[in-house]
Each structure stands twice: as C-alpha cells, then as structure tokens.
Number of protein chains: 2
Amino acid sequence: MEIPKLEVEVDSEMQNGACVVLKVARDSGVTVCFANPGTTEMPFVGALDQVAGVRPILGLFEGVCTGAADGYGRMTGTPAMTLLHLGLGHANGIANLHNARRARTPILNLIGDHTRAHLKYDAPLTSDIESLARPVSVWYRSVATEQDLARDTADAIAATMGSARGVATLVLPVDLQSIAVDSSASLAVPVQPPSAPAFDAAHVDEAAALLRSGERVALLLGGRALSGRGQQAAARIAAAFDAVCFSETFPARTERGGGLPDIDRLPYFPEPALAALAGRKVLLAGALAPVTYFGYEGISSELADPSDLVTLAGPNDSADEALVALANTLADRLAADGEPAAAEVAPWPVESGALTPQAVGRLLSNALPEHAIVSVEGGTCGYPFVTASSRARHHTILTNTGGAIGQGLPVALGAAVACPDRRVFALQSDGSAQYTIQSLWTMARERLPIVMLITSNRRYGILQTELSRNGLPVDAPNSSKLTLLDDPAIDWLALSQGYGVPAERVDTTDGLADALARALAHTGGPCLIEMCLP
Amino acid sequence: MEIPKLEVEVDSEMQNGACVVLKVARDSGVTVCFANPGTTEMPFVGALDQVAGVRPILGLFEGVCTGAADGYGRMTGTPAMTLLHLGLGHANGIANLHNARRARTPILNLIGDHTRAHLKYDAPLTSDIESLARPVSVWYRSVATEQDLARDTADAIAATMGSARGVATLVLPVDLQSIAVDSSASLAVPVQPPSAPAFDAAHVDEAAALLRSGERVALLLGGRALSGRGQQAAARIAAAFDAVCFSETFPARTERGGGLPDIDRLPYFPEPALAALAGRKVLLAGALAPVTYFGYEGISSELADPSDLVTLAGPNDSADEALVALANTLADRLAADGEPAAAEVAPWPVESGALTPQAVGRLLSNALPEHAIVSVEGGTCGYPFVTASSRARHHTILTNTGGAIGQGLPVALGAAVACPDRRVFALQSDGSAQYTIQSLWTMARERLPIVMLITSNRRYGILQTELSRNGLPVDAPNSSKLTLLDDPAIDWLALSQGYGVPAERVDTTDGLADALARALAHTGGPCLIEMCLP
C-alpha cells in the first residue's frame, strides 16, 4: 500500500473548491472516481478535466459505483473515490457501502449537496443525508466553509485507513465546489499517514499457552490472516497441534490455490457450524466472534461460547504477522512435526454430461490462470467452487461480506480496474446479478476483460431452502410467485448484448469447458457465460 | 377511496404473527404486496398462501417495489404494501420512497428484521434500519411484542392516510412473524378511518378578498387542486380576474386533456419561473410555496416573496373543493365573465421526418386512448409531451415528484396494477430508465399492457445543460465520459427482449405513429418502443 504524502503539493493558481478536493485526494493516492453525478456535482465533474490524475468511471446506477469502489479497495488497500448525487443517489449505493463496511474497505464516499443557502427550503431533492449515510460510514462530515475543503478531504482519506477502516462520507455543497479558493492557503494540510496494522504480542503469548495446554483448538481466520503468509502459518500451527482451521464464512479477500493449504470456510448454516466448533476453544485470528448469519428459533446465535474465545488478532490487526509470530513462538513443536502438506495443484477430472454445481466449481477451478481474481456471489455454485479451488493455480477470492446482494458484479468491476494485469472472474447467481445488472455496461465501456459466469437456475434457491427450514411448502402458489424466476425466464444472452457484452449459453460440462477457453482468449473486454442448471 | 372497516374481522383459529399482520392489512383494504423478500420474511411469504386476498407481485430489485407502490397509491388513494428484506433491502427502495414521500402517497412499507434476540450480535446483515427509514417515513415503528402486531399494523395503515399522508414503515422481526398468536385476542383492534381531506373556509374568504382587490394574481395548483374539478374551477376564476394559472412543476397526479383547460406547469428553470410569477400575488391551492429546484448563485431560492403568498389550501387539503367554494363565492364576477374556453380535443398535425421531442410529444398525445395514464420521467420529451397533451383525450399524468430518478417505469407498473381497465404509458428518458430497469421483467410477468416509450438520445441531457450553466465545456474528455452514454450504445431491443418484453425501434415520425398503433393493439402484456433521437 502506498503511504500518502505528508504534504499536499501546492500550486499557486486560483482555483475552485472542487479542484481543491480533487487535488488533495489525488495527492493522497486516489486515482479512480466511480461516479454517477447529477446537477449538484457539475463543478466537480468540470474539475476532473482541470486536475489531471483521477480517472472517472461512469456507472448507470450508484450501486455499481459503490460496489466497484469496494472491489478496488479490497485489491489495492487504498481508497477509490465515489461521486454520488445528493442523499438519494447515495441511497442507491447504500447496500454496497454496507458490504464495504463489513469488508473494512477504505472508500472516499463523496456526495454532492445543494448549495448551503438552499437547504432550508426543503426543495424536492432535499433529504436527511446524514441519517442515510451514518449507518454505513466510519466517518461523516459535511464541509461547512471553503477553509475546510482541504482539511476535511484529508481527514476523510485518513479515516478510510485509520483505526476503524472503512467508508468515509464527505458531503460537498455545490457552492463550495464552485467557490474560488486561494490554493496556496488551503492546500498546505498535513495528510495523516494511515496507521500501519499491528498486533499485540501479549495475545501471541496467550495463544501459544492455549495451544501448549493441550486444549482442543479451532483457528478461525479472517481479515489479513487470509493472506497466503497467514494461511501457511495457521496451517503449520494447526498440523502441529491437531487443531482445525477455518476461514470466516464470507471473507473480504482470501488467497487460495497455488499450493496454499486447503482451509475450509466455516459452514453457513448454524447446525454444521456449531458441530465444527463443538468442544474446542476458538482462536480468533483477524475474525470476529463467530455468530450465525440469521437467528433461528432454538439455536444459539453464538457459534462458540464467549468463554471459549481467545483473540490472537482483531479484524484490523496484522493477523497474518501475528500468526507468523505465533508459529515462531511455537517453533519447537512445529519443527518436530514438520510442514503441513500443501494442497496439490491439479485439474479436477470432470465427466461429460449435464452441468451440476460441483462440475461448475471444478471446471472454473481448472480454468483459472495464475493470479486470477474471482468475485463470488450466490451459494448455488459459490460453495462448490471454493471447495474445488484449493487445487487451482493461485487466485484471490472476494466474497459478499455484508449480505446485501448485488455485490458480485460491481466488485469484479472494481477489482479489474485495480488489477489490469490479472484476469477477473465473477461467479454469480442469476437472482443476485439483477440488483446491479447495469455493471455490464461499465465493464463494456471500460473494456475490462472480466469473465462473468451466471448460474441460471431461475429461482431464489436460498429462499426455497429457508421456506423448507420454516416448515413451509415451496410450491404453494404465492410463495412460488416470490421464489421462482422462470416466468419469464431472463434471456441472459439478449440482456448481455443489450449492454454491449458478448455472451453464450451452456448446459453441459464440455460446453462450459469450451466456453471458458474461449473466454480466456477474449481479452478486449468482458464476456458472459450463462450456465443453465436444472 | 374505500374507508377501512372499523373492526377487523376475527377468526378463531390459532395463527402466526405474519397472518395477523396480513389479515389486518387486508381487512383495511390492502390488496397488493410488492415484494422482494429474503430469509427474514419467509413466514410472511408463507402467510400469503394462508390468508387469501393479498396479491404478491415480485420485483427483482427493491426500487421496483417501492416505485410500484407509489404508482398504485397515487391512482387508488389507498396504500399498497411492500415487503423488503432488512435495512439493506429497504435501502435499495429508499429513492422511490423519497419520491412517494414528496407525492404524499400512502404506502405500508413492511421490512422484515432479524429475530429480536439476534440483533445484539451485529451479524453481517444487521444495520440501523431506523436511521435508514426515518428520512422517507411519516411514521416508523418496529413491532416489539406479539401483543402489538395487530395494533401496530392498524396504526401504520392509519398513518399512511392520516394528516401527514405518506410512507409508514413497519419493521417486523422474523420471530414475531412466526410466533403463534391467539387471533381472537389480537385482531379486535379498531382501525382508524383516514381523516377526510377538508379545507378552511376562512382561507376561501381571504382568497376572494385578494382577487376582488384588483391585485395581479397567479394561481399555483398542486395536490388535489389538479383534479379535473379543481382545474375547471381554477380556470374559471383565472379568466374572470385576469389571473395566470400554473400547475406545480412536478405534480404527483394531474388530469389533462378531454376538454380540461390547458394549465401550464410552472417552468423548471428559475429564470422563466421567476418571470412567470413576477409582480403577482401567488395564491397557493394545494401547492407548497414555490422554490427553485436547485440553488443557483445570484438567484433567489424563493420564486415568490413570502409576503406575496396567500394560501387557499395546503397539499393535504381538499384544494379542489376549496377552489369550487372560491368560485361560488365569486359567482357574481364569474357569471359576468362567462366560462373559460376549454382546450380543444384534436390531433396535432405532425410532418413526416426525423423524430424530434416536439413530434414525440404530439404523436403520443394523438395516440392516447380515453382515460390513459402516462408516467413521465425525463425532460427531453417530457416537457414537449405535457405541452402537447392538452389536446389529447382525457388522461392522467404522473410525474417524478422527488427527483430521485428511476421512478417512471415502476410508477407505470403500479398504476397498471391499480387500474387494469386503463391503458398505461411510460414516457421515459434512457438514462433514468436504467436505475430501475428490472421493472420490465415484472411487467412481463404480470402481463401488464404498458407501452414504454424510451427517449434514446444516449446522453444525460440535463447534465450537459447544467455544465453549460456552470460555464463548463460539455465536450471535455472527462466530463464527456460522465455525460455521454454512447459507448457502448445501449441496445434497447436486446435489453427489452432479455426481460421478455417485445420491442421495436423507430427514428421517424411515421415510424412512431405506426409503432404506437401496433402497441395499442398489443393487449397481452408490455411492449417497448425505442425512439432514437439525434
């Protein structure tokens, strides 16, 4: 991660407030602006042509912008900027800002506002921006005067990478965007360098004592513990102490394949998750205390008793370095027991026939080029893919951290902008793809070679599962109307073409293998494969 | 409007909480549920098969649901119900709830929540629902216990049609949806009848005195004043007293054509709006004090000085009856001056040639069947249509009241559900159509014979205008990237086909006339016409 400079460069010309904000952002390392502007952001749009160095990328819907900023920030560790129109444009981006909040992704969330004098008239587009923004922001401020423009921008960027990493929302009234500012006075603000992640050595000693005590232990990895280095240290420790090792269920970013140890995700449903942790102390390395995704009658929300939790490192700590330190502390035992077996890198055998979720997972795993990035949203093929992908070449997986759906395609978009030298895949269920379907257009516009794999089963599978868990029939007329998507079936080829993205449809394993080969050869822009499952 | 019954019918069976809520809603006149449910709404989904009488309609995105509920409520005057998944599903619906708030549309906004005991664990999908819902709600409550289920539902419905009409948000924890409830105890709640709109006779006398004083007057009509009856009374008064008469710029619902007087909308941009009202007292009939849409430097936000405002009736009053009473009070003068000329009902002549916004407005005006409903979003063809449509057969126009875009297609959807015997048109700009493009699928699913006319000019025209107003170039590279939609051009035929909606493309006046004739003959479901403009 690049450390922002301590002093923003000053130029001596008079300029407007939007240029000040943009220069501070640029000089702090912001290079991309995912934008869906309106009237109150026009001076800022103009500034993008006056201040060089920030690339504007248009989304047709704000959820595309905020999700893309999330994907970008997960890959670079530094914030992208959004540009949203008032409280309601922001509102369209809330769902993916929530996911970014759960992922602790740094994002500079810039919202234009009415001119300050206009707010009291409660014009049609006026709304309570603060009430709408606070729930997803670790930091919120509306710029009050032109003297605050540079300082507030610097504070916002520092907040994105501060002790509570995440979304910093900066509201910029349009009169302060267009106001003339003497740059020499306003830009000389110190930008705080982000706090470097660290860990607490005392926790390492406590964790070592726990493991040496002979207690049965489960290591639960999250955050930075899911770097390759973190996973390797965790697997060595687990092998030596007969501990089990899990990833949090929905990590913001995890490395996988390429000989990394095969670390399972903690199961989604509470019953198997409780079974996985039963009778063990849970050592938290970058993960929060595990709780069920939803609350179910008669099942504890806590997947481990609080008295069984031991924290090695928190979600904002350098949990991977804490694991390495723990391995070093336990070196006497690790040396004796040797290295854990790395997962083999090898293609899966896949039989010819109709597509199944397992076959999809294996075929995608087989096809991944070195250092691919895979954005996964939706359970039908998502779980089978992660199960399979330990045998793939090295890749990075990005998952839906906050559960607000419509996140997979925008995150793939942002990751592709962040990493132009890596191939990006989106493994996406059909239902959830619809929430931010406009992502396809921006992918085509920016010529991003993203391969989208749409699991087309024409239903909300998870809801049918949950109906059954509630003892309700899945085929009653009205519940069917709310869980089946087959009337009409979405024509993904046409839809994709509508946004300028070439597409093909497959329903067999051989067909998917061939389509993936063609997709890999297609480097000039995105493509989409509709995978028809029964 | 149907008045809800004072006592909800009781049935003696044991039932769950979701059934209780659904029965109270149904027995209060709610017949439609625009839903995008998730796991925490499954008992409610199940209840839709156990309690007859509420039609579930699925949206692939929540903004479709909330906008459809707005369109439904504008046409019926009674609330539809939404069913949204937690705070983040609701967040996707905020933009159109904001528009409904500005339209004062009654909506029962139902949000499922985690089981109460689960909230404290801050699971991935937990968010501050109240902070996200308050800005768009006239009423907010989260049901606390099973004893409150019926009462809270009745209170919410009463609030939608109470003195501050609008969106009532009721949060329903999933454990209270599935809990067993003794129906005989819980359902016997009195449902408050909505307060009947009224007006203040003293204001009528003040308005009469103003007009008789000889002051120059502008009548500004909003809310119920835009019924046919209200407009006719206003036009008679205006003709007798040489007053000018305007509709508010973005009315929730206005009647037009069929011989109604041709009442212009107050202009959108401040300069012509100020000129229209200059030197006149402004008599407010159901309209708020007029303010500019956005604030501009050097231009007053108030389009009339507060000392020049006289209120005849407020936005929630029966402003049309107030206008009729005013006309009666002034009968001596009206009789002397006679009736105002009604607008002629006659087709516009349209020359063969390339499509222009004026030609689109006139051709649509010519094509409207008696009692059509037209949802208008986007300025390019929207203004020319309203200018033209005084000569159409009687129709109802619904506009974007709150400025959060993505409202036109869902409102058309909801209006079509509310009024199956009337033809519904959506006159929609291409940029704004994208925000809730998933509306097409629900229209196809429900076989709603909506005719969508997409103004395809492949740009955000309003933003180019506003760039120019800011003295900025419209063709600089980065502003072009944020205002032009031509790379790639959206293929509307393919997109529409993707959602199961037949479509055709026209670029001439004769082509559009023919396409409209075919669309009118197409009664089995929606269709779309892409109108290519230069």
Inset, instruction - May I ask you to find the residues of the stretch A:424-442 that are shielded by at least 50 Å² of accessible area once the whole protein assembly is considered instead of their isolated chain (probe 1.4 Å)? - result: A:GLN434, A:TYR435, A:TRP441
Legend entry - Anchor A:LYS23: aspartates and glutamates whose Cα lies under 13 Å away (excluding residues fewer than 8 positions away in-chain): A:GLU7, A:GLU9, A:ASP11, A:GLU13, A:ASP49, A:ASP152
Inset, instruction - Between the label point of B:SER195 and that of the same position in each other copy, find the distances and list them shortest first in nm, with every label point placed 7 Å from Cα along the Cα-to-C-beta direction. - result: 5.1
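Can you give the Kirkwood hydrodynamic radius of the stretch B:262-363 from its Cα pairs, in Å with one decimal? Walk me through the numbers on the way to the answer.
Values: mean 1/r = 0.0586 Å⁻¹.
After inverting the mean inverse Cα-Cα distance, the result is 17.1 Å.
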Legend entry - Teacher prompt: A:ALA180 distances to equivalent labels in other copies, 7 Å Cα→Cβ, nm: 7.7
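Just the accessible area per residue of the stretch B:14-182, please: how many Å² with a 1.4 Å probe? Don't jump to the answer; show the numbers that get you there.
On the way: 3620 Å² over 169 residues.
That works out to 21 Å² for each residue.
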Legend entry - Chain pair B, A: total accessible area buried, heavy atoms, 1.4 Å probe, Å²: 7900
Legend entry - 5 angstrom amide H check on B:LEU528, placed H, neighbours 5+ away: B:MET452, B:ALA503, B:GLU504
Inset, instruction - Using only alpha carbon positions, build the gyration tensor of the stretch B:92-228, then give the equivalent ellipsoid semi-axes as the square roots of 5 times its eigenvalues, largest first, whole angstrom. - result: 41, 19, 10
Legend entry - 5 angstrom amide H check on A:VAL32, placed H, neighbours 5+ away: A:ARG55, A:MET81
Legend entry - Between helix A:62-76 and chain A: long-axis angle, C-alpha atoms, 0 to 90°, nearest 10: 70
Legend entry - Buried on assembly, the stretch B:112-132 (at least 50 Å² less accessible surface than by itself, 1.4 Å probe): B:HIS118, B:TYR121, B:PRO124, B:LEU125, B:SER131, B:LEU132
Legend entry - Cβ-vector label at 7 Å, A:ASP475, separations to other copies in nm: 6.4
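Per residue, how much accessible surface does the stretch A:357-532 expose to a 1.4 Å probe? Answer in Å², no decimals. Intermediate results must be reported in sequence, preceding the final value.
On the way: 4940 Å² over 176 residues.
Per-residue accessible area for the stretch A:357-532 comes out at 28 Å².
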Legend entry - Gyration tensor (Cα) of the stretch B:58-99, equivalent ellipsoid semi-axes in angstrom: 18, 10, 8
Legend entry - Zero-based 10 Å bins, Cα pair distances in the stretch B:14-182, whole percents: 12, 46, 36, 6, 0
Legend entry - Average partner coverage of A:47-55, which counts Cβ from other chains inside 10 Å: 3
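Just the accessible area per residue of the stretch A:201-330, please: how many Å² with a 1.4 Å probe? Write down the numbers at each step before the final one.
Values: 4650 Å² over 130 residues.
In whole numbers, the stretch A:201-330 has 36 Å² accessible per residue.
Starting from the Kirkwood Rh over alpha-carbon pairs, what translational D in µm² s⁻¹ does the stretch B:136-186 have by Stokes-Einstein at 4 °C and 1.567 mPa s?
Details: Rh = 11.5 Å.
Calculated translational D: 112 µm²/s.
Considering all alpha-carbon pairs of the stretch A:201-330, what whole percent are spaced by more than 21 angstrom?
33
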Inset, instruction - Can you tell me which of A:208-218, B:100-110, A:255-265 comes out highest on packing, and rank the rest after it, using the mean Cβ neighbours within 10 Å? - result: B:100-110, A:255-265, A:208-218
Legend entry - Under Karplus coefficients 6.51, -1.76 and 1.60, residue-wise ³J(HN,Hα) of the stretch B:248-264 in Hz, glycine/proline x: 4, 5, 10, x, 4, 7, 9, 8, 7, x, x, x, 5, x, 8, 9, 5
Inset, instruction - May I ask you to evaluate 6.51 cos²θ - 1.76 cosθ + 1.60, the Karplus curve with θ = phi - 60°, for each residue of the stretch A:404-420 and list the ³J(HN,Hα) values in order in whole Hz, giving x for glycine and proline? - result: 7, 7, x, 10, x, 5, x, 5, 4, 4, x, 5, 5, 5, 6, 10, x
Legend entry - Computed label-point distance, nm, for sites B:LYS120 and B:ARG518 using a 7 Å Cα→Cβ extension: 6.4
Inset, instruction - Please report, in Å, the Rg and the Dmax of chain A, where both are computed over Cα atoms only. - result: 24.0, 74
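Please compute the average number of Cβ atoms from other chains found within 10 Å of each residue's Cβ in peptide B:154-162. Please list the in-between numbers first.
On the way: counts 0, 0, 0, 0, 0, 0, 0, 0, 0.
Whole-number average of other-chain Cβ neighbours for B:154-162 is 0.
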Inset, instruction - Would you mind giving the three semi-axes, in whole Å and largest first, of the ellipsoid equivalent to the stretch A:357-532 according to its Cα gyration tensor? - result: 26, 18, 15
Inset, instruction - For the stretch A:83-112 and the stretch A:468-495, compute the distance between their C-alpha centroids and round to whole Å. - result: 30
Inset, instruction - Name the residues whose placed amide hydrogens come within less than 5 Å of the amide hydrogen of B:ASP113, ignoring near sequence neighbours (fewer than 5 apart) on the same chain. - result: B:LEU172, B:VAL174
Inset, instruction - Take the alpha-carbon centre of the stretch B:315-379, take the same for the stretch A:442-462, and report the distance between them in whole Å. - result: 46
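Normalised by the residues of chain A, what does the relative contact order come to in percent, with Cα pairs under 8 Å and at least six apart?
Values: 1263 pairs, mean separation 75.7, N = 534.
Answer for chain A is 14 percent.
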Inset, instruction - For the stretch B:193-271, state what percent of all Cα-Cα pairs lands in each successive 10 Å bin, counting from 0 Å until the bin that includes the largest distance. - result: 17, 46, 32, 6, 0
Legend entry - Shielding by partners, peptide A:30-40 (average Cβ within 10 angstrom, other chains): 4
Legend entry - Solvent-accessible area, 1.4 Å probe, carbon plus sulfur percent, for the protein assembly as shown: 52
Inset, instruction - For the stretch B:276-291, just list the computed ³J(HN,Hα) in residue order, Karplus coefficients 6.51, -1.76 and 1.60, θ = phi - 60°, integers in Hz, with x standing in for Gly and Pro. - result: 5, 9, 4, x, 10, 6, 10, 9, 8, 10, x, 9, 6, 3, x, 10
Inset, instruction - Work the Kirkwood hydrodynamic radius out for the protein assembly as shown: mean of 1/r over every pair of different alpha-carbon atoms, inverted, in Å. - result: 30.2
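Kirkwood Rh over alpha-carbon pairs of the stretch A:476-533, then Stokes-Einstein at 10 °C and 1.306 mPa s: what D in µm² s⁻¹, rounded to an integer?
Numbers: Rh = 13.1 Å.
Approximately 122 µm²/s, per Stokes-Einstein.
Normalise the Cα radius of gyration of the stretch A:323-458 by 2.2 N^0.38 Å (N = residues in it) and let me know the number. Before the final figure, lay out the partial values.
Working: Rg = 17.5 Å, N = 136, 2.2 N^0.38 = 14.2 Å.
Cα-based Rg divided by the globular estimate yields 1.23.
If you restrict to DSSP beta bridges whose two residues both lie in the stretch A:201-330, what percentage is antiparallel, to the nearest 5? Mind dumping the intermediate values first?
Details: 2 of 16 bridges.
Looking only at bridges with both residues in the stretch A:201-330, the antiparallel portion is about 10 percent.
The values are calculated or read from the model by the stated rules, or taken from the named source; none is laboratory data. Computed from a prediction, not measured in an experiment: that's the story for all the values here. Here Cβ is always computed from backbone atoms with ideal geometry, including for glycine, and neighbour counts include all displayed protein chains. The accessibility values were calculated without ligands, DNA or RNA, using every heavy atom of the protein model including side chains. Shrake-Rupley method; radii C 1.70, N 1.55, O 1.52, S 1.80 Å.
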